[in-house]
């Protein structure tokens, strides 16, 4: 329990969010969509962290989430830079068509 | 004693000569090589005699000089040590001196035809040979002797194949080495046996132990001695391992003189004599030695009768004379055998060097049918050659007579009358084929080409001087070994060798002393046979110009062909041994190496390639597929954890 | 069922729902905007879990900076709507679907059986920022500084990667 919110609620929400993000990462063809789905997955992890931190009575969870968000920012910027470079080259955002390393 | 040189100087000087010639000879020129090559042996001779003369005039006590310990492994130890005793002293006396004369001869013989590099190579190998031979005869234990044994085999190979661009010579070198190796295997087995029995390879440990307790060692010694004898058979060209010696004539003639007449081939006789204590405790082995010696003597003499190459006649003659030496050892007359080694070195070397002078004068021709009438053109060569021939034939009072007579007398004394008859017959044949050689070469009309006739000239002094010296020695050396009928205290030579031939506890085949009359009879018989052989040879080939033998050969062409082709022994060996072995090697190559070993490698490479070919389809280049595979792996792991963890 | 729990549940549902909208939509800008709403919902969840500071950070940094960056890039490059194409090799979809189901089942199973911590705290921490800040600058100092280096690296990397190639 964190306050009056049971931990199980938090975890189910986190799991559901993670699954949504995972589905998006695996099933979408657009590179942007894959990026966004990955962000969703990270947020799901954040939620779980906060939940457990509260349940254990410590602020460690929040501290970690802080770091995770910072890292996510860095990662998003680099990923978008890659996306920009890719899009300039190939004029497509379909991941299926980016297969130069095919056998 | 401190003023004397150490024994080690004697082999060390030729070794230094070898190193200098092979490292610097090409650059510093022929004069340098001549000086160093012959000089090192000359110095070694001087040093040797500085030790030998006091030795012979002193009390004949053996001197052992130990350089250092060589191998110590468990209970086995062998030292680097040299030994000077009557036997090694006798060997050293002629090995160094004759070796030196041949080095001097070589200067004249090899100088003009060879390049700087070839000349240097020749002398360095020759010096290396001298080093090995001296190590062999001066060694204090079997291991040191074996080092020298192998060394002379190596040098023999190198020198036979000196003209390496001639396929025949290269093949002859290989043949010599391989056949020698077979003998060496026997020698090694013998050495292993000796170590097993006596726990040491040192002469001062093995022989006294054997002599002291014959009953204990005698049974095993027969096998050991036979093994050792196999080594001697190989090195000293006896039946059946003699086949390399005639082919070895492909090398330069001084090499034939030194290695294949005077020194290396006598190493087998030396070894058997050195081990006389062991042999005398194994009468069966001695009988084998005697029989093989006798058989070889007559077999080789018969082949020599029909050979046309001057060097081949001398080669088979050497094989035959070596047979005599082993015959002597086999009947227990070791001193007589060694005496024959001693005298044979002089006259055989003289004969070979003389033939070298003839070949040199004939511009390289070796076929006697193309020679003739050379006596007037090459007088020094002729007279020295004749002297050596008479010595070899056994005409008194030349050296060969005394040594051969000593052997025949001992064989008769021992009661082996068949072997005596063989020996006597061989003596006759020897005289016959040698006279044939002399007649064909020096008598009658010249049968060669005009060009060759113009080229004929006597050899330079560097070649004729050794000839004269050796001929002189062939004449007088016999007086060291007078038979009992002529001098009461008998042979000085034999007396000198007595310390090496100790009395054994066993009752050796009671050698009944021959009465004087019987001895004179024997002497008469051998002289008669020799003279008869010489006369027949002269009449058939000298005066008769080969008419009679021509008719005989025409009457029995098959027999003649067989003898002329040395009884086709080489061909026999080829079929019996060489071809099956070759087939085996070929089989091993084609099947084991190519099919199996290479096959396994190729197969593994093939499978790796196949795996790669199949696995590359996983690389679709599509990121989604990679992400999926990551996820699938994760799910798999998760299931595993759930399955096992809970 | 208290009010805070109700609010939390509602916000959670909102979050998941709009995340699904984001995944489903083919128009990139609409996707991003859906995700913004989703993140707001997530911020509300954080508040209910006594992490107001993190909620603020979520809105300011995640929704306000990162997603806005996404929007900038989308508009800069004029990324088109994703085309409706038949997937030539549907194996990706099938396998993904199957794996997802299995994964979902196992995840929920794990949560239900082992979700609860061994030693639950008596009370949850208050939502004050000061203790968090103290923690950040004491025990979390090294990661904090490392993060700044990381941000620098990302900055440089993004710049380099997005450069236009010089015409050769």
Label-point separation in nm, residue B:637 to residue B:220, each point 7 Å along Cα→Cβ: 7.0 nm
Alpha-carbon centroid distance for the pair region B:90-161 / region B:263-338, whole angstrom: 22 Å
Normalised per residue, the volume of the convex hull around the Cα set of region A:7-97 (Å³): 59 Å³
Counting all C-alpha pairs of region B:573-645, share separated by more than 18 Å (%): 70 percent
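Only helical DSSP H runs with n ≥ 4 go in: add -39500 (n - 2.57) per run for chain B, normalise by residue count and round the 222 nm mean residue ellipticity to 500 deg cm²/dmol. Walk me through the numbers before you get to the answer.
Values: 27 runs with 451 residues, N = 646.
Using -39500 (n - 2.57) per qualifying helix, the result is -23500 deg cm²/dmol.
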Rg [Å, one decimal], Dmax [Å, integer] - the protein assembly as shown, C-alpha atoms: 51.6, 151
Bins of 10 Å, starting at 0 and running to the largest distance - Cα pair percent for region B:158-236: 19, 35, 22, 15, 9, 1
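Please work out whether region B:507-603 counts as rounded, prolate or oblate from its C-alpha gyration tensor, where a ≥ b ≥ c are the square roots of the eigenvalues and a/c under 1.5 means rounded, while otherwise a/b larger than b/c means prolate and anything else oblate?
oblate
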Rounded FRET efficiency, nearest 0.05, which uses the C-beta distance separating residue A:82 from residue B:617 and R0 of 30 Å: 0.65
Candidates C:83, C:63, C:98, ranked by Gaussian network fluctuation over chain C, Cα under 10 Å, top entry: C:98
Where only C-alpha atoms are counted, convex hull volume of region C:128-168 per residue in Å³: 59 Å³
Selected from A:20, A:68, A:78 as most flexible by GNM, with chain A as the system and alpha-carbon contacts under 10 Å: A:78
For chain A, built as a Gaussian network whose Cα springs stay under 10 Å, the top-fluctuating residue of A:49, A:27, A:19: A:27
Overall form of chain C per C-alpha gyration tensor (a/c, 1.5; a/b vs b/c): oblate
Two-decimal ratio, chain B, of alpha-carbon radius of gyration to 2.2 N^0.38 Å: 1.19
Global geometry of region C:1-81, whether rounded, prolate or oblate, following the gyration tensor of its Cα atoms and the 1.5 cut on a/c: oblate
Region B:44-88-region B:182-211 distance, computed between alpha-carbon centres (Å): 18 Å
Within region B:571-595, backbone nitrogen closer than 19 Å to the virtual label 7 Å beyond the Cα of residue B:609 toward Cβ: B:594-595
Region B:117-167: Rg to Rh, with Rh as the Kirkwood radius over Cα pairs: 1.09
Principal axis box of region B:379-425, alpha-carbon based, largest edge first, Å: 44, 17, 9
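Read-outs throughout are calculated quantities, based only on the coordinates presented, and are distinct from any laboratory measurement. Treat the numbers as computed from the prediction; the structure is a model and nothing was measured. Backbone-built Cβ (ideal geometry, glycine too); neighbour counts: all protein chains shown.
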